[in-house]
Structures are given as structure tokens and as C-alpha cells.
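The values are calculated or read from the model by the stated rules, or taken from the named source; none is laboratory data. Keep in mind that this is a model prediction, so the values were computed, not measured. Here the Cβ positions follow ideal geometry from the backbone for every residue, glycine too, while neighbour counts run over all protein chains shown. These area figures cover heavy atoms from the full protein model, side chains too; ligands, DNA and RNA do not enter into them. Shrake-Rupley method; radii C 1.70, N 1.55, O 1.52, S 1.80 Å.
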Amino acid sequence: MSSLLSAELSATCNALGTFNKKTGKYLIDDFTLNTVKDLIRYLRRDGEDHEIRRHFGQTKVLQTDLLPMLIDHWERDELFDVTLRLIVNLTNPALLLYREEVPTERSARHNYLQILSHLQSYKEEAFTKVETWQLFAKKLAKILEIDWSERDEETGLIIERILILIRNVLHVPADLDKERRPENDASIHDQVLWALNQAGILDIILYMSSENEKQYFMHILEIISHLLREQNPTSLADAALQRSVDEKLRDDQELLMIRMSENKERLNKVKQYSATRHSRFGGTYVVQNMKSISENELISLKPLNKISNLDFSGSKKTKLVKPKNRRPVESGFLERRSAFAIRLFLKEFCIEFLNSSYNPLMHYVKDVLVRAKAQQNDESYYLWAVKFFMEFNRGHNFQVGLVSETMSVPMFHYVQQQLEKYYDMIKVEKKKFAPWVRRLHLSLRAYKELLNTLLAMDKSTDDSVKESAKVLKSNIFYVLEYREFILSIFLNYDENKMPRSYLVDLIETIHLFLKMLEYYCKKTGLMVQKKVRRKAKKKLKKQKHRAAKPKAIEVTAWEEIRPQIAAVLSAGVEHYPPPFDAASDVPIDQQKEDCMKKIQQRMRDHKYEDAVGTFRAAREVWPEEGIFGVDGIPEDEELDMLGIIYNTDLGVEVSEMNQDESQDNSENDDEDEEDDEEPSTAVVETDFDFKDFVLRFCHARVVSACVYLLERYDKNLPHTNHCIVKMLHRIAWDCNRPVMMFQATLFLIFQRVLHNPVPHLKELEKFAVFILRKFTEIASRSGKVFIELLFWKNSKDAVEIEHGYDVNSDPRDKLGKGGWSEEQEEELRKLYMENQANPETDQDVIDWMLDNLIDQTRTRRGVVKKLKELGLLFKAPTKRSNRERRDKVPKEFSEEEDEKLRELWKQYGDTPDPMTLIVPRMPRKRSKRSFVDRLLELGIIEDRKQCRKKKQRRAKSAADDDKSNESSSQSEGEASNSDSENDDGPPPTINIKPKKKNKKDAEKKQLFKNKKPVKSVELSANEIAKLLVQAVDEGYTEALKWVAENLEEVALDQEAEGFDPSAEGTPLVPISSESAEAMDSTLFVKVLKSIGVLPPSDEQETYWRIPSSLHHETIRKRREIIIKAVNKELIIDSTNTNANDSNTRTNDTVPENSEERTDNKDDSSDDDDLFDNLRKIRDNIPELSDNVSNYKSVSNNRKRSRSVNADEGNNRKMQRIDEHEDEDEDILSFAKKTLQTELPDTEDILSGLPQHSDDSEREDGGAARGKRKKLRVISDDESE
């Protein structure tokens, strides 16, 4: 601080006034008020180092000037108000100045300690005087005489400032090093309490806590908590004019124990040094029968009285010092026994507070805390008051009615909520956890006191109190969360953050809970809530779940319930339920029908009062139409209207299914299938097994915490030692886990206990003998138990040590269902590596592993899950897919492939379709075009035409034409007339049997089973071109460009990832406004179907999809058609006379293959005749546009035999050839080839069908020959 500022502050303090020692009065002048205001301004400008505040403390301006001035001139209201503001500011707690955190920086900590010492001097020198508090008592009494409704804001602020001043003074911590007061002596804090009592402040506080001063209840509660912070409620309740017998016995016992311990220490020293020589002689000694590192005996450089004193670590640190940041901070609960007179008036204060103020004050404070109207963390004072006054009530004439406000199930829930909140904040505030630990300790002590009060209620002689205790216990023990919470707080104990005193209260709380729970289970039995896991079955289709209807119940006849409703109408209804749903999105005027259904449902559920009330309330809401009657309607007319509503079918069903269950079902319908597959949890009721609950305490953390607390057994209270031993006894004896006690630290404690037996530790000695006998018994069977002394053990380890290290030896710890041992994991790993190294078959990897596993109970899901855990991942579950992905086909042909290609060409070169026979026989899969190019490079062929399908021409005579026409008309008659038996007979057809599918193909094609079947229909390329041109003319250019871009993206993706016809199609999502508008157009939908885009197959799909069965080359060809149409370069055949028919035929069809129409004048005549005949057949079938299932009459030439039954004439179906079976040829090409060639055998036809399509060759062929080809079109409304 600068000298100028120091001089200015000193001058200001001197200008306040003068104390006259002769008269004992403090003299002031006219400038005193302004001087006090100047001091307030100085404090307002104080910096972070608080130098002005420290200067005022050093000059003692509060003791020498401010308080004497207040005492003599308190009647001057303005001077009193300003001076009181200054005193409250000067006495603010030091922690508040540093944001409730003790500073760690050196200079800041020095300033903090200096301010704290000044506050302690204020408390000692100024506020221990009775006359100081008398002036505040006079001021408070004068203000409180005014009714609270008539006080102005200034008087209210004066009351609040006086209460804050009392809080500030009581908050100052005691300086133990300076005071050094023994118990039963008056400390500085006791002297302040005495002054407050003598001045009448405590009586005023009691008065304010019981009257209409609710706005000050939080201040009063905080003052009371600081007032009684050093008092033990039990000893305070026992305080009387004379010491009680129990108090005398307790003091005598403590004194006797101290004397016994001193005598034992003295005797031990005498025994140690009485028979031995003094150690003043130095030298070197030899320890007999103890070998050193060499073969010689061990040398000791000092004499040893006992061999146990031999220490090999003399140069090492004797004690491990825990780091500063890992030392737990004590909670700060300092309890001492005050002077006798202090305890007496504090006891009277507590009794009066309990009788008059406790319940209303705690009710108001709880409401303020729940509504978050108080300051942050003010619940600490509430929890402290719960603990203190409930314990005081137990110690002084226990009456549960005095604490009924805080003795309820919601109170248990609130305290548990606070505990969980503080646990979370300790984890979040990793560096500032100390205040949260203190609050956690407060809430734990409150929870412990709630249990103690519950136990006291159970032992009460009043039957009503016992019954209330039984109800509370049944609620607390019944709910799962309350029981689980006790275990969780034990397992969450952290010795690096939580002090030892917290662990003491924790052990005692858990001991009390388990004791009460065990007694309750033995006496009355307990039905509890239990969470169980349910396996939710995967829904196949949501429609199935929605279609499931509850079982209907027969509705009661109206005549049976009519008298009861008439009685309700005559008696009248007081409560009218609301007839509409105010939260609904439906307007109130449109909820009349729902109200009718609600009335009918309530009458059928026999809720007649609610039905009549709703009916009359609806009349008031909707009076205009009179559908619910009019005002003043007679009761008989009301009854008739209710009868009409009851008997009318409004779609309301009375079912056995509960409303909650139907609501759950509706919620489940909206969930995804992935959520349905996850196991759900449900709460069920079951008999409580106390032993199973205690078995969960068999945890290494529980044992280590008990042992840590037992290390100071000689300083623990006897009750604390009893709780620790009982907890360990439950684990070792009740749960049969004595091996968990085999720990070196615990054995050292047992050694100390048995070496120095004490009468009040008999229980611990008995337990130590039991554990040591168990240890010797197991050590005789296994020497490994000595190593286990170094480790904390869980329940499973304890069973292994006792029964052998085989994990399956004890039935309690066998592997559960689905568990994997190390041997089983190794077996699975070997099978996987063997399978991946030798991909000889096409069997599924998982199926092969399941067949070869020793444990045949394993499931496919379990094996896949374990493979993922072991890191044995694969892209697909089959070897074939792995090999295809792993072995990429090189572009260059090998010599073996060239030699094989030559041999196959020599063998099949003269056949009608050589490439169909050559491609599947090649060792590596390639496209047909690549093989043709290679044949050209090798010089085996001279032109690509040699690889195309050869067609056998036949002379067409008039007779043949007549036969053909007759066949066409005959098949036409079969399709339209069911009486086809009298016809000349159908033409010869080919009956193609489907290929036999192996298991792998069946799995791949499983995807198509759930979709709607499709039907193949024809569409010419000229018709598609006309559709595209029409779409461009109508302004769909941007939408067509968008489709072309999507087709190009799909083609690029397919080139990068490979062609997979079994994959899911790519959705066509409209983004721009042009594309979205085009999707609503009928013409554009026809265009999409014509180029091969599939509509949504069912209601689960939203967008159109580009099928994965289209090869990327085919997709690019179709994209080129669209681009040509957009650029207006597309050529249309004007000779087509069936344009109108084609537009009709393209409705609701989706083509699989399409090509650009080439206008070539040199088309072969027989091809034209074939297409003309097929079109005539198609155009002459009137049912084709309405019922696509009649299309099978067109393809009679693909069957060798067909039923001629008249009833089955319209139901015959063409044998469908799926694209993934025959993608090389569309259906018209197949019909064309069949009509122009001799009919081969069925097996030859099937062997010649390729596996994958090669649209490129067909494209080339079409361009070269210019032949008019048809498109294979799929309709999405075919039924299989």
C-alpha cells in the first residue's frame, strides 16, 4: 500500500469521532455520517489484494470507533443504517472474498490468513460483549413491533443486515492454536453464544422462526447451523443440572482405558530392557542360524534385543508420504463439549425450536429449495438441520410428531438425490472437489439419521408410531433404487478424496440399513421390485403387430345398466370431467365425435358418474347443435340420449387389453427395428432374498475400506468397531467367503489385537481367530495361499483359492450361458485361420465353424459376436465373396487363359452361340467383350460377327403363314375364352424347368422374397424415344438431366465396388424443385419406368430406385439415350402405327433393359414378321392393360405342354426367368430365338444360359444389324 493511501485512510478513520474515557461516551460531530460513507466508498474500490480491508483490520477501526459509536448513537436512524452497512461489509467471511476457495498462491494465501486473523480479533474483542448485542436486540425488537405488512423496504433491509451480521460473526472459525481450550471450558465461540443469549437475540430468533417472517427463514436456519455447529446433539440432549449416571460411567471408562494403555506401554519397556545389557558398547555381531547372501552367517552392526527388530532398510525412507494433492481433506465437523451453562441454555433453545418452529420452518425451506428460489448450495444448511434436530429429538423424549415434516418417503428420496448429485459433482470438479465432499458428508449424515429415527420409531411403545415405521420401511425396502443406492455409495468410496470421518459414517449407515432390512425380512417377509431383462423378438413386419387385436369382451345389454344410469342422473354429479382434450392439435369444435366415444367407453367400463358428467359438460361446451341435449332437459330424455349413444356402433371396443398396454404397443410401433432387437428391461415383483443381496457386498473395495478403518481400531468408537467386524463377518461367514479376509494388512491388525487383548475388543479377537484357523486349513492344502496375502480378492478369486484354480470347479462360478473359456476362444481362432487359409468349398464361414466346434450349442450370433471381440473380422460371411474381393482379375490374359481360349474356340466355334458356351468354361470371370477382344488380338477370329449368335433361316410359304396366323388366332382365343377344349390345340411350346438352386443362391435371393413379384411386359425402343421427346417438349429437361447425373453416379460406384446384382438398389432422391415437381407428373413416371427405374416396392420404401441388377455399361447406354433426348438428337421411327397403343401399354411398367433405337433400312424381313406377329398377339388381348396376369397367353411358345382346362385358361402364367438367372437375353430375344431354331432339349437350353448379363454385345449387335428390338418390362403388381 502506498504511503499516501495509508495516510488518507488513517485520517479518515481519525475523523470519525473521539471516545471520552471519563464519561465512557463516543463523541461525534456533524461530519461523522459523511466520513462513514467515505469508508464505504474506499471499501468499494478495494482491489483483489484487499489492502484497504486489511488496513482497517490493522487499525481496529471496528473495535475502537464503529461499535462504540453505534452503542451510543443507535437511535439516529441514518447513521445506524450506514454504520451497519459498513460493519456487515467488514465482517464478511474470508472465503466469500475469495469465491469460496482457499487461495494457493503465496501472497494471496498470506492476505487470506491476515483477513481471517482480523475477523477472529473482531469476534473476540468486539462481539463477546453483551452491550454490543443489546443495541441490535433493541433495534430488532423495535422494528418487529411493527406488523410485517406495514413495514417499508428500509426497515426490512435493516432486519436482514442484522441477521447477516449475526451470521458473519458466528461463521468465523475458531483459532485452536491460539485458544487451546479444553472441553467443558468456554471458548470464544461459547462467549459469543453467551452474549447473544444474555442480550435476548436467541429469543428474537425463536420468535421470528415461528411467526410470519418467512422471508427470513433461510437466514435463521443458517444462523442456527453456525450457532450449534460445535455441539453434539446427543450429549446436548443429555445435559442437565447434574451429570447423569451414563455420563459419569462414560468418563470413568475413558479414564480407565487411558491408564491401562499407559501401564501396558511402561511394562513393555521394562521387559524389553530389564534383562539385557545396555547398548553403549559398539561392535559387530553375528546372527546365528541365519544365512547372509554368501554361505557365512548374517552380520549385524548393532545389538538386537529381539530378532524382529532386524531391519534391512535402515537407509530407506521409513514412511511413505502421500502427495499433497492426494491427501483427503477432513470435513471440518469439529465437535466439543462446551461449558455446562452454555449447554443448558442451548438445550432449552433446541427444545423450544422443536416444539414451535421446526416443522413449519423446514416445510418452507424445503419448498424454497425445490423451487430453486434460494442461493446455490443452501441445501447444506437444510441437511444439517435434519441431522441435528432429529438426533436431538431421539436423545430427548423422542416424539416423532415434532419432526414429522422430515420423516417421510419423499425425504428419503430428496436426500438420496442430493447424494447422487454430489457424487457426480465430485467427478466433474476434479480439482475443486473438497466442498462437494463436505456436502456429500452432510447428506450422508442426514441419511444416517433418517434411518436411526426410523429404527427408533420401530422400537416405540406407541402402536401408531410402529405402524407408521412399518409403512415407511416397506416403501423404502420395496423400491429397487433405495437398495441399490446403499451398495453403490460403498463401492464409490475414494480414500484419496473422502476423509476418514466420512468412511466411519458410511460404515455405520450401511450397518444400520442391513440390520433393519434383515430384521424386516425375517419378521414380515418382503416383496420387492426387481429389474429383469427381456429379449425383444425382432418384428418381421410392423403390419403384423398393428393387426394384432385384443380379445373382445361381450358388451352388457343396455337394459341391464339402464337403472344404474337412471339413479346416477337423479342423484346428480358434482364433478364434470373435461369433454375435450385441450392439448390436442384437433380444434375443440371437431372433438365432438371423440367425446361421444369417450362417453360410450365410460358407460361400457361401468364408470357411470364419469359418463354422465362428461355428457353434461359436453352440453355446456357444444350447446348450439343440441346433440348432447339442451339446458333444462328432463332426466328421462337424457336417459334416452345416453341409450342411443350406448347402442350406437362408434368403433369403440371393450377389450381385455389394458389401456397402458395398448399405449405401449402404439409406442413400440413407432420404434425402429433396431430398437426392437435390443433387450428391454422390465420391473417385476419377486420375493426378496437377503443373502443374495449381502452376497453383492463381497467386493474387494468393501473389504479394503473396512480394513483401512480397522487399522486405527484403538482410536475408533466401540460402535464403529462393531459395525466393521459385523460387515466382515457377513462376508466371511454369511456369504462363505473367508478367503477374502486373507490379506497381509488385516493379519497385521489381528496380530496387534491378539498381542494386546482388551475387554471391549472381544468380538474382534474372536473373528481374528476364526480367520486365522481358516487360513491354516487352506494353507495345508495349497501353498499358493501365502502369495495371495499380497492381493485384495473378489468373490470369484476367493472361490478359486478355496476350491482350486479350475474356474469350473465351483458350480456357483461356472461360465454362464454364452460364455467362452480360453480353450474355446483358441479353438474358434484356429478354425477361423484354417477356414481362411483353405477356401476349398463355397460353404458359409459361420456355418462351417458351427459344424466343427466341439460345443454344438453355440449360435450363429454368438460366434459372430465372439469373432468381432477377437478381432477376426471379414467383409462378408462367405468364402466366395472373400475370394472375389481378395483376388482381383488382372487386365492382361495369361498364357494358360490364351491356350484355354484357343481350345474352347476350336471346340465350340461352330455352334450357334459360341460365346455363351465359352465364357462359363474360362478359369477367370471376365466380360464377354473382353474375350471377344482377346480372340481378335490372337488372330483366332477376323470379325466380331463370328462371335454373335447365328440364326437359322427357313423359307416362309403361304401355308406356313396360314399356320402362323392360325396359331396366333388360336392362342388369342385361349386367352379370351375359357372354352378352349374345342379348339384345334395350342402350338407346340417349350417347358423350361428352373435351375436347381444351391444354398448360397437361396440365401442371396432371400432379399427378393419379401418384395412384390413383377411381371414381364414388352415395350419398344421407339416408344421409349417418343416418351423422352414428349417429356423434353413439356419442359422436363432439368429433371431428365438430374436422372442422367444419378445414372452416371451409380455406374461409377458400380465400377469401383464391382457388379453385385443381389445388392439393394440406389434410391433416386429429388432435391431440386424441378425434380420434385416432375415426380408428380404421370408422363415423367412413365419415362422413369421405361428407362428401368423401379417404383417403391412397398409402404416401407419412399423413393424410386435404380436397380442393382443393371450393369454399369447398360446404365451408361440408357444415360446416353436421355442425353440425346435432352439435346434433341434422338431419332424416332415414324412408320410405327401403334404409337397410341404403346403409350397405353407403358403404364405401370418398369423395364429392365433398354437400347437406343437405330433406324436401319436393312432389317431382315423375318425379324419384322416375328415382331409384327408378337405385337398382334399383344394388341389383340384386351385384358392386358387391366390385368397383367393374362400376359402368359402371349408366351405359349415357351411351353411344351400346357393345361387346357377351361377353368384355368385365364390363370395360366408364363414361366418367369429372373434377371439374375438370364440377364444376357431379354424375353423377346428369347422368344425370337426359340421360334427361329429347332427346339433343343431342356437341359441344353439351361446349360447355355449365362449367369450374368452382357448388354454391351447386344448393344453392338443391335447397332450393326439395326434390328428392331423389344424391351423387357417389369410390372410391380404381379402375384406369384
| task | Working only within the stretch 491-503, note down all residues that are part of a loop (DSSP other than H, G, I, E, B) and either among the charged types (D, E, K, R) or open to solvent by 40 Å² or more (accessible area, probe 1.4 Å) (or both). | result | Asn492, Asp494, Glu495, Lys497
| message | I'm trying to understand the selection: among the residues of the stretch 1064-1085, which are open to solvent by 40 Å² or more (accessible area, probe 1.4 Å) and under 19 Å from Thr1114 (Cα atoms)? | response | Glu1064, Thr1066, Pro1067
| message | Suppose we keep only residues that are open to solvent by 40 Å² or more (accessible area, probe 1.4 Å) and of a type in the set (Val, Ile, Thr) within the stretch 215-262. Which one would you say is nearest to Phe345 (Cα to Cα)? | response | Thr234
| said: Can you list residue pairs whose Cβ atoms sit under 8 Å apart, with the first residue in the stretch 624-646 being open to solvent by 60 Å² or more (accessible area, probe 1.4 Å) and the second being of a type outside the set (D, E, K, R)? Count only pairs 6 or more apart in sequence or on different chains. | reply: Val630/Pro623; Asp631/Pro623; Glu635/Ala566; Glu635/Leu569; Glu635/Ser570; Glu637/Gly629
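Residue-by-condition table, conditions (1) more than 21 Å from Phe80 (Cα to Cα); (2) not hydroxyl-bearing (Ser, Thr, Tyr):
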| position | (1), (2) |
| --- | --- |
| Ser149 | yes, no |
| Asp152 | no, yes |
| Thr155 | no, no |
| Ile158 | no, yes |
| Ala174 | yes, yes |
| Arg181 | yes, yes |
| Ala186 | yes, yes |
| Trp194 | yes, yes |
| Ser209 | yes, no |
| said: Looking only at the stretch 624-650, count every residue that is part of a loop (DSSP other than H, G, I, E, B), closer than 19 Å to Gln564 by Cα and of a type in the set (Asp, Glu) and tell me the total. | reply: 0
| request: Determine which single condition Thr104 fails, assuming it passes every other condition in (1) surrounded by 15 or more Cβ atoms within 10 Å (Cβ to Cβ); (2) over 23 Å from Tyr364 (Cα atoms); (3) of a type in the set (S, T, N, Q). | output: (1)
| query | Taking the stretch 564-618 as the region of interest, how many residues are free of Cβ contacts under 8 Å to residues at least 40 places away in the same chain and open to solvent by 20 Å² or more (accessible area, probe 1.4 Å)? | reply | 22
| query | How about the stretch 21-50: which of its residues are in a helix (DSSP H, G or I), in contact (Cβ under 8 Å) with a residue 12 or more places away in the chain and open to solvent by 50 Å² or more (accessible area, probe 1.4 Å)? | reply | Lys37, Asp38
| query | Counting only residues that are closer than 23 Å to Leu1027 by Cβ and either surrounded by 17 or more Cβ atoms within 10 Å (Cβ to Cβ) or in contact with a Ser or Thr (Cβ under 8 Å, 6 or more places away or on another chain) (or both), how many does the stretch 1096-1115 have? | reply | 11
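Could you tell me whether Gln231 is within 21 Å of Phe392 (Cβ to Cβ), at pLDDT 85 or above and in a loop (DSSP other than H, G, I, E, B)?
Considered against the rule, which asks whether it is within 21 Å of Phe392 (Cβ to Cβ), at pLDDT 85 or above and in a loop (DSSP other than H, G, I, E, B), Gln231 comes out as yes.
Is it true that some residue in the stretch 7-20 is on the phi < 0 side of the Ramachandran plot, open to solvent by 30 Å² or more (accessible area, probe 1.4 Å), in contact (Cβ under 8 Å) with a residue 12 or more places away in the chain and not polar (S, T, N, Q)?
Scanning the stretch 7-20, I find at least one residue that is on the phi < 0 side of the Ramachandran plot, open to solvent by 30 Å² or more (accessible area, probe 1.4 Å), in contact (Cβ under 8 Å) with a residue 12 or more places away in the chain and not polar (S, T, N, Q), so the answer is yes.
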| message | Here is a list: Asp246, Asp152. Which entry is more than 26 Å from His73 (Cβ to Cβ) and modelled with pLDDT under 95? | response | Asp246
| task | Give the residues of the stretch 795-831 that are surrounded by 15 or more Cβ atoms within 10 Å (Cβ to Cβ), at pLDDT below 85 and in a helix (DSSP H, G or I), sorted by residue number. | result | Asp813
| said: Checking the conditions here, which among Asp177, Asp81, Asp185 is under 21 Å from Ala339 (Cα atoms), assigned to a helix (DSSP H, G or I) and of a type in the set (Asp, Glu)? | reply: Asp177
